[in-house]
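Comments concern the structure below.
Nothing in this text is a laboratory measurement; each read-out follows from the coordinates by a stated rule. Keep in mind it's a predicted model, so treat the numbers as computed, not measured. Please note: Cβ atoms are built from the backbone with ideal geometry, for glycine as well, and neighbour counts cover all protein chains shown.
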Amino acid sequence: MCRHLAYVGPPRTIRALVTDPPYGLHQQSWAPRMQKYGTVNADGFGIGWYADGDPVPARYRRSGPIWADPSFADLARVVHTRALLAAVRSATDGCAPGEAAAAPYAADQWLFSHNGALPGWPAAFADLAATLPPADLLALEARCDSALVWALVLRRLRDGAAPGEALAATVRDIAARADARLNLLLTDGTLIAATTWGDTLFHRLEPGRCALVASEPGDDLPGWTPVPDGSLLLATADAVTVRPLAGPPG
């Protein structure tokens, strides 16, 4: 119940990636063209980006809509980055409001976003949450389904799983318990990993230059490729690969 975007490539301003495209993430906050669930994404937003020489990303998150934040316009105009993950939020019923619940979530070198919902949360996933160390549960950024999904992914990453497998295994575990929607997006500043499980995703690659992965195209230019539902995507600035996840979506 969100829209999100990731980019790796040569330095570009946040504005060029998020605000300038005619149907980009800024526009998707109030007029998405392909969103299957919900109509607007006004329950918060966040931008995470990587500065040259620093592997730990910076974040700017707010609890209100992106169009109502004049400070974001200044930030987006002057900040350049080689990698970005951004999201606009439509909150799931029963999940906490506020800035802390807005993606991207972050830890170590990672940025993460979840587009979807976990029906029956939290009760339906109590056994899965119990597999996490207590310290991980105490460290959740917000009381919401996406924060739990992120904790499950992060535990796998810290245990040595590759990014794609961390996402795929988390999708399998959650989907075994409920008819969840699990479009996940992850980056470390050089690689983008994503899943489709119940909603739209597209990628556009300029080989050897840049890759964009987004819930929906930000413009009508050629080159956007839809990702089939039930897929795992891995992208760098040089290549994009897509393969099926185990089992059907939902």
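Assorted remarks:
- Amide H to amide H, with H built 1.01 Å from N, ARG143 comes under 5 Å of ALA96, counting only residues 5 or more places away or on other chains.
- Residue ranges 107-117, 68-78, 167-177 sort as 107-117, 167-177, 68-78 when ordered by packing (mean number of other C-beta atoms within 10 Å per residue, highest first).
- Length gained on full extension, ARG143 to ASP93, computed as 0.36 nm times the residue gap minus the Cα-Cα distance: 16.8 nm.
- In terms of surrounding Cβ atoms within a 10 Å radius of their Cβ, CYS144, CYS210, CYS2 rank from fewest to most as CYS210, CYS144, CYS2.
- A crude spin-label estimate for the pair ASP220 and SER63, with each label 7 Å from Cα along the Cβ direction, gives 4.0 nm.
- Taking every alpha-carbon pair in region 154-250 and binning the separations at 5 Å intervals from zero gives 3, 14, 24, 24, 19, 10, 5, 1, 0 percent.
- Size of region 2-244: Rg and Dmax of its alpha carbons, in Å, are 16.3, 48.
- With R₀ set to 25 Å, the beta-carbon distance separating THR190 from ALA16 gives a calculated FRET efficiency near 0.80.
- Listed as lacking a disulfide-compatible partner in the chain: CYS2, CYS210, by the criterion of no other cysteine Cβ under 4.7 Å.
- Estimated FRET transfer efficiency (ALA239, GLN109; beta-carbon r; R0 22 Å; 0.05): 0.60
- The magnitude of the dipole of region 130-176, with charges of +1 and -1 set on the Cβ of Lys/Arg and Asp/Glu and taken from the Cα centre, is near 20 debye.
- Taking each residue as 0.36 nm, the span from ARG209 to ALA246 lengthens on full extension beyond its C-alpha to C-alpha distance by 10.2 nm.
- Using a cutoff of 8 angstrom between alpha carbon atoms and counting only pairs six or more residues apart, the relative contact order for the chain works out to 21 percent.
- Förster radius 51 Å - calculated FRET efficiency between ARG77 and ASP173 (Cβ-Cβ, nearest 0.05): 0.80
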